[in-house]
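The next block holds one structure in the form of structure tokens; read it before the comments.
The values are calculated or read from the model by the stated rules, or taken from the named source; none is laboratory data. In this text, all values refer to a predicted model and were calculated from it rather than measured experimentally. When we count neighbours, we look across all protein chains shown, and the Cβ atoms used for this are built from the backbone with ideal geometry, even at glycine.
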Amino acid sequence: MKYLPAILALLNSFSLFGQLPEVVSGKIVRITPSELQSTYLRSRSVDVWLPEGYDTTKKYAVLYMHDGQQLFDGKTTFNKQEWGVDENMSELIRTGKIKETIVVGIWNTPDRRLEYYPAKAFNYLSKPWQDSLRKDVNLSGNEKPKSDAYLKYIVYELKPYIDKNFSTRSDQANTYIGGSSMGGLISLYALCEFPKVFGGAICISTHWPSSVFRNEPQIADAMLKYMRKKLPKAKKHKIYFDFGTTTLDAWYEPYQRKADDIMRKKKYDSTLWKTRKFEGAAHDENAWHSRLPIPLSFMLAP
């Protein structure tokens, strides 16, 4: 059990050895590690989904999503599940419920948990709890999480590449970020660290405890302390949270309620923030697939 998360991340990073996912609608363009090398951390593939009828004479909003291998095609994923991003986005665009948007699926790597755990939240932990979390996320010695480097990769390397090579609206109001589990944590962290870059964050099944072995309030509270200090006051940013009630999601409600209190104190109202609870929903792509239209419709409303 000790090495299971690392093994799963490694399997996920191969994604059937790089097979291009098939999509129901639109088109996938893959950016390989050789095409976009990072100076901040290990390079990885990126799958860019272009909506049906993509037209370079128009400009598109951009949604950056983590765990890019899992987004489009269950036949190419390690667990045979997918988010169904292409079919959900296509239907919402077709019916006018969201604006025309490109999705940038950033592959994870075997360093997934190191890259997705918010580094500055780590600073709110006492040394014994830092040491405890280091064991859970495979940090050695006095090493710290790599999330600051991961965000620099997105903001300073990936985003400029996307804006140069695709027809995008590059402003904050049309730039979004989202993910699930620890992908939810890093999405919230991205909005807090780069509020002038990202206009909204989709945080699905946000994994507040960070560890997959134990539900530790002390670790979750460190992220909440960071959020209390760094979350931008309500103005232009939109944030979506949700959680289920089974498997890992069964841990989340007490922490999400504390996060909701922070949102209220920062004066976020229903036009800028939503939190949803899904009874019986598990912590997997099938669950996220089924409810993805809800955060997309909220975040990307035309």
In the range 203-241, what residues are assigned to a loop (DSSP other than H, G, I, E, B) and hydroxyl-bearing (S, T, Y)?
S205, T206, S210, S211
Specify the residue that is nearest to the chain's Cα centre (by Cα); the eligible residues are those in the range 156-184 that are among the hydroxyl-bearing types (S, T, Y) and not in a helix (DSSP H, G or I).
S180
Within the range 84-123, can you find the residues that are outside any helix (DSSP H, G or I), at pLDDT below 95 and closer than 16 Å to L50 by Cα?
G84
Whether any residue in the range 228-238 is touching a strand residue (DSSP E or B) at 6+ places or on another chain (Cβ under 7 Å), surrounded by fewer than 18 Cβ atoms within 10 Å (Cβ to Cβ) and either touching a residue at least 24 places away in the same chain (Cβ under 8 Å) or more than 24 Å from V103 (Cβ to Cβ) (or both) is what I want to check.
no
Unique match (being surrounded by fewer than 17 Cβ atoms within 10 Å (Cβ to Cβ) and modelled with pLDDT of 95 or more) among Y176, Y156:
Y156
Filter result for A220 (modelled with pLDDT under 95, touching a helix residue (DSSP H, G or I) at 6+ places or on another chain (Cβ under 6 Å) and surrounded by 17 or more Cβ atoms within 10 Å (Cβ to Cβ)):
yes
Those residues of the range 247-290 which are in contact (Cβ under 8 Å) with a residue 60 or more places away in the chain, surrounded by 17 or more Cβ atoms within 10 Å (Cβ to Cβ) and either part of a helix (DSSP H, G or I) or in contact with a Cys (Cβ under 9 Å, 6 or more places away or on another chain) (or both) amount to L248, E285, A287, W288, H289
